[in-house]
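Here's the structure we're looking at; comments come further down.
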Amino acid sequence: MRNGIFRCPFNDGTNVQEANLDTLPVNRTVREMVEFVSKMYAENGLRTNQVTKCDNCGEMKGEHWCEKCNNTYCAVCLTSVHLLKAFQTHRTVPLSEKQSTAAATCTNHTDEKVKYWCSPCKVLVCRDCLLFEHKDHTFVPIQDVANETRTKFYLSLQQLETIKNTLNKCQDGINVAMNVEHQNNICGNIYHITKLERREWRRSLNVIKSLDLLKTMCEAKKLQLIDQLDDSENKQVAELRQKQNDIQGTLNQISVREIFTKQILESNDNVSVMRVRNDLLNYFNEMNAFMQSMRPCTINTFRIDGFDKRIRAMKQEMADVGKVQTEPYMIDKFGNVIDNRVLLNLSLTTDGADEIANAVNYPRGYFFKLRKHPIKLLSIQVKSTLTTGQIVAYIIDNTGTIVAKEGTNPNQLTQWTTIPTNIEIRQNYAILVDVQNGGTGTVLMKSGSTTFRQISENCSIASSYIHKKTFNGNVGDKDAQVEQNSFAVEMILEIENS
């Protein structure tokens with residue numbers, strides 16, 4: 001820093017006034033790393049790199065530690081304090097060896113050293129512990145279980161590296177989706193264009209020029225559709241950025257645990273390894289479970305639909321023509337496009353319809369009318385407020401027989417829970433979801449109507465439910481009385497693209 005100005009060490013020309021240093025953004029990764037490592041050191045008595053002063057004079061650097069005094073001394077004070085005959089039996093060690101000696105002291109019996117690992121309780125214990133608090137418990141020497149734990153740490157670090165690579169690929173896929181989208185023009189051609197180019201493209205379409213013939217009304221419709229497309233894109237970009245932020249936050253946490261685990265492994269201190277064993281192994285298990293439950297990311301493309309078929313009737317139907325249609329496609333956690341899967345959103349999209357979270361928990365869902373072929377169902381996504389219990393899905397055929405039943409624990413991070421399945425949905429089938437095992441919360445829904453809604457060219461649905469007094473919910477049960485009602489469950493189906 002010169003003359004009150006801080007110059008960026010990368011020599012990119014960035015200069016910051018000394019008075020403005022506090023306004024610089026905090027490096028979240030470094031901050032979380034410091035907080036995590038400090039917490040682990042504080043909770044487990046691990047060694048830090050801070051310079052320790054002599055506890056007697058408070059000025060010189062501490063070089064020795066006395067077990068009996070429980071103090072740190074410089075070389076001069078060590079000799080002077082222990083001149084008395086009563087103190088000459090005290091055992092002193094170099095400060096660098098204090099860690100293993102201090103951390104090895106039993107927290108319940110301070111005169112004893114921890115030498116064993118209690119397998120049922122998963123804690124370090126001393127000989128007195130085995131005689132009293134942990135009597136008759138299975139135990140093993142620290143050295144044996146510490147070596148086993150180091151092996152698990154090394155394997156977990158390899159798994160974390162794989163998880164990081166997978167999450168980075170997912171981020172790359174989202175970046176591609178945010179910056180370059182597949183857009184269909186009215187002739188069916190596909191362009192890879194940036195947002196700026198896309199806006200110019202919309203203005204130059206022949207269909208837009210045709211709308212100009214209708215003068216004021218058509219011009220207003222054109223601007224309205226462009227604004228709708230921009231709004232749809234902006235909403236999607238915000239959602240994708242949030243997804244990126246969530247992934248980056250997970251990567252930051254992984255980096256913190258990774259660095260700390262490597263430091264523990266390099267310490268060659270069995271006690272330190274066992275102090276943090278439970279915390280680190282639990283985190284590794286949580287990350288593996290997170291990756292297994294990670295679902296594909298949905299990316300929408302947007303187009304203006306309806307002009308080719310209805311241009312001649314546009315004067316009479318201007319209020320209805322040109323609606324923005326959503327065409328979802330999916331990318332997996334590696335950023336690859338999944339061509340054979342599409343999403344069918346059954347949720348009620350009516351503006352002003354509020355989500356209902358306090359309705360009575362009945363099996364609720366939809367009754368299906370299909371115009372062409374059956375639907376190959378791959379998974380059911382349900383939005384809920386559940387924190388405990390299970391969300392269970394039932395597939396009921398046209399005779400009222402329960403042909404399939406699948407359940408899973410709620411996803412508390414996003415509220416959207418995915419229930420995997422593999423079954424064909426045919427004419428007059430029903431899909432219902434219910435809360436079981438004492439679940440806290442409800443499936444989210446909106447107040448709609450009892451009439452059928454067209455979801456796609458092949459599919460129409462009506463909101464339905466079953467009264468629990470007439471429903472046992474076992475596969476093979478017959479005569480399930482599915483009735484129509486007005487509650488529309490927040491539900492998305494993942495189906496094969498036929």
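Summary of values
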{"quantity": "Count - residues of segment 379-395 that are closer than 13 Å to residue 431 by Cβ and open to solvent by 30 Å² or more (accessible area, probe 1.4 Å)", "calculated": "1"}
{"quantity": "Odd one out for residue 165 among (1) of a type in the set (S, T, N, Q); (2) within 37 Å of the chain's Cα centre (by Cα); (3) surrounded by 13 or more Cβ atoms within 10 Å (Cβ to Cβ)", "calculated": "(3)"}
{"quantity": "Residue 80, sole failed condition from (1) open to solvent by 80 Å² or more (accessible area, probe 1.4 Å); (2) more than 20 Å from residue 276 (Cβ to Cβ)", "calculated": "(1)"}
{"quantity": "Test: residue in segment 414-429 that is closer than 25 Å to residue 374 by Cβ, of a type in the set (A, V, I, L, M) and within 23 Å of the chain's Cα centre (by Cα)", "calculated": "yes"}
{"quantity": "Complete set of residues in segment 431-487 that are assigned to a loop (DSSP other than H, G, I, E, B), open to solvent by 50 Å² or more (accessible area, probe 1.4 Å) and without any contact (Cβ under 8 Å) to a residue 60 or more places away in the chain", "calculated": "437, 438, 440, 449, 450, 451, 472"}
{"quantity": "Within segment 364-418, considering residues that are touching a Pro at 6+ places or on another chain (Cβ under 9 Å), assigned to a strand (DSSP E or B) and among the hydroxyl-bearing types (Ser, Thr, Tyr), the one nearest to residue 497 (Cα to Cα)", "calculated": "379"}
{"quantity": "Matching residues, segment 268-295, being small (Gly, Ala, Ser) and under 21 Å from residue 125 (Cα atoms)", "calculated": "272"}
{"quantity": "First in segment 253-269 and in contact (Cβ under 8 Å) with a residue 24 or more places away in the chain, second anywhere and of a type in the set (Lys, Arg), Cβ under 7 Å, 6 or more apart", "calculated": "254/164; 265/150"}
{"quantity": "Residues (open to solvent by 50 Å² or more (accessible area, probe 1.4 Å) and of a type in the set (A, V, I, L, M, F, W, C)) located in segment 101-139", "calculated": "121, 123, 131, 132, 139"}
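The values are calculated or read from the model by the stated rules, or taken from the named source; none is laboratory data. Being a predicted model, the structure only gives us computed values, none of them experimental. When we count neighbours, we look across all protein chains shown, and the Cβ atoms used for this are built from the backbone with ideal geometry, even at glycine. Side chains are part of the model used for accessible areas, which takes the heavy atoms of the whole protein and leaves out ligands, DNA and RNA. Shrake-Rupley method; radii C 1.70, N 1.55, O 1.52, S 1.80 Å.
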